[in-house]
1. Simple spin-label model, 7 Å along Cα-to-Cβ: residue 334 to residue 452 in nm?
2. Going by average Cβ density within 10 Å per residue, which order do the peptides 254-261, 187-194, 125-132, 154-161 take, highest to lowest?
3. Expressed as a whole percentage, what fraction of the accessible surface of the chain belongs to carbon and sulfur atoms when a 1.4 Å probe is rolled over the protein heavy atoms?
4. Kindly express, to the nearest 10 degrees and within the range 0 to 90, the angle between helix 106-118's C-alpha long axis and the longest C-alpha principal axis of the chain.
5. How would you classify the stretch 278-375 from its alpha-carbon gyration tensor, with a ≥ b ≥ c the square roots of the eigenvalues: rounded for a/c under 1.5, else prolate if a/b is greater than b/c, otherwise oblate?
6. Using all C-alpha to C-alpha distances in the stretch 37-139, build P(r) with 5 Å bins and read off the rounded percent in each one.
7. Can you grab the distance from the C-alpha centre of the stretch 187-249 to the C-alpha centre of the stretch 264-336, Å, no decimals?
8. Viscosity 0.890 mPa s, temperature 25 °C: Stokes-Einstein D of the stretch 388-452 from its Kirkwood Cα radius, in µm² per second?
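The values are calculated or read from the model by the stated rules, or taken from the named source; none is laboratory data. Bear in mind the structure is a predicted one, so any value in this text is a computation, not a measurement. Glycine also receives a Cβ, built like all others from the backbone with ideal geometry; neighbour counts cover every protein chain displayed. These accessible areas exclude ligands, DNA and RNA; they are computed on the full protein's heavy atoms, side chains included. Shrake-Rupley method; radii C 1.70, N 1.55, O 1.52, S 1.80 Å.
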Amino acid sequence: MKSRQGDFTKPVYGWSPQGASFTSERARWGSDKKTLPVGDGTEASECLQKTYPSQLPSLSVILIFMNEALSIIQRAITSIINRTPSRLLKEIILVDDFSSNGEIKVQLDEKIKLYNQKCPGLLKIIRHPERKGLAQARNTGWEAATADVVAILDAHIEVNVGWAEPILARIQEDRTVIVSPVFDNIRFDTFKLDKYELAVDGFNWELWCRYDALPQAWIDRHDVTAPVKSPSIMGILAADRHFLGEIGSLDGGMLIYGGENVELSLRVWQCGGKIEILPCSRIAHLERHHKPYALDLTPALKRNALRVAEIWMDEHKHMVYLAWNIPLQNSGIDFGDISSRVALREKLKCKTFDWYLKNVYPLLKPIHTIVGYGRMKNLLDENVCLDQGPVPGNTPIMHYCHGFSSQNVYYHLTGELYVGQLIAEASARDRCLADPGNAEKPTLERCSEAARHGLHVYWDFKPGGAIINRDTKRCLEMKKDLLGKHVLVLQTCTTQAWEIQHTVGDWGQTNSQ
Ligand code: UDP
Ligand code: MN
């Protein structure tokens, strides 16, 4: 799973797959999630009191891996065998996505033999003859599975006591639900367990994972064991095996890593299923220190995100392009052949993405007023770009141009100028360029609050022209400081002109410069 940005714990400005301010590794799982002392979860005692039907569907557990330590895989297998009722556990299927690590070849095969001596036929292993990536590894496991329900997991996990029963009972009740357990974190260096609080799995417009607050409707039920409706999954999932096939398993056109979880989520919701987090099913996931799949995962994340946008997002797909700062036309990014997935969408008579946004994920806000985006340069010196400046902080700067999202700028026809990563949520924390009125330096303010606080956040701008505050009539300009560095100032307009990287919509034909 992807260690996602926890919206209620930490500002999101610091990290993005586009601009790794903290680390170049991306992980879906909540490294910034609130942790609780083990055993203190409010749902724990209620979960213990839950009873489940004596007849439950059978379970295939799929563990996918690529270059994992043998001991890690054994920990996963052992936890599954010890903590799943044997009458329910039909098989454990290991899928090796072309590992090169010698330890998990012969030695793993020997371990499998030993397990199977005790429990005949329980373990199976499938090895890809070439690297196929995360989505295809999950599909390989699903294709080989034979039980009623599949739980498709990473191999660096340990399941907790009672993890399977809530999953099997819920899927028995409704075969169209894709479920996710709650994840705790196993620290890769100490194996210490951090218990994470319950949250729903969401994503931003880069289609990168984030944790969102629990829905009010769930809180109002006052039942901490009740399933939580969720817009997305982090990656790991359990489903009715046949239902997962009917809706198209995972998109095998997803390469390497990322995006496949959002693709499945949109497909499930838009095509008649649902996604729920089950508070009583807990799995501990080890967040890898380093992902060995590619030197830089960003190109895979980006092209997989465009694939999701093109298949599922209709008139809102531009938001993914904007968030990744990709031109809307001639992006130069090959997201592969999507015709079979588009045909699947038609065959299943799936609803629109607009329906999904309104009914499932109202927190995610599409914006249709953005007419210019990308790097903003002053024609005096095109080596420097408008930049959100140090984080934390609210002072934008001019900084040498780079590829990170801290220099993404979004100009709206309505006059707002967002600086930094595009967030676009209902409680928008996007940061708007503001003229504080008297001081010489501009500031960045939360767009949702800035106008209310009387800050001047509306600007007139056309490509190749001045940036003029609509209220104060001052211009955003550059001047050299004592060291000869360009600094931003608000002043009576001279003749300074600015260019923005991509234009769209009412500014004329879509084009990029
Ligand atoms: N994986 C794979 N092939 C790849 C990339 C990833 O089989 O080319 C598997 C990996 O072994 C893991 C799962 O996909 O079981 C998810 O990857 P990872 O755990 O690194 O990412 P997370 O989503 O947990 O952050
Ligand atoms: Mn993982």
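1. So the label points at residue 334 and residue 452 sit 4.9 nm apart.
2. Values: 254-261: 26.4, 187-194: 11.9, 125-132: 13.8, 154-161: 21.4.
Top of the packing list down: 254-261, 154-161, 125-132, 187-194.
3. Working: 11100 of 20890 Å².
Summing carbon and sulfur atoms, their accessible area is 53 percent of the total for the chain.
4. For helix 106-118, the angle is close to 50 degrees.
5. Details: a/c = 1.44, a/b = 1.13, b/c = 1.28.
Rounded shape, in that the Cα axes give a/c under 1.5.
6. Calculated P(r), rounded to whole percents: 2, 11, 19, 19, 16, 12, 10, 8, 3, 0.
7. Measuring centre to centre over Cα atoms gives 15 Å.
8. Details: Rh = 12.3 Å.
Stokes-Einstein gives a translational diffusion coefficient of 200 µm²/s.
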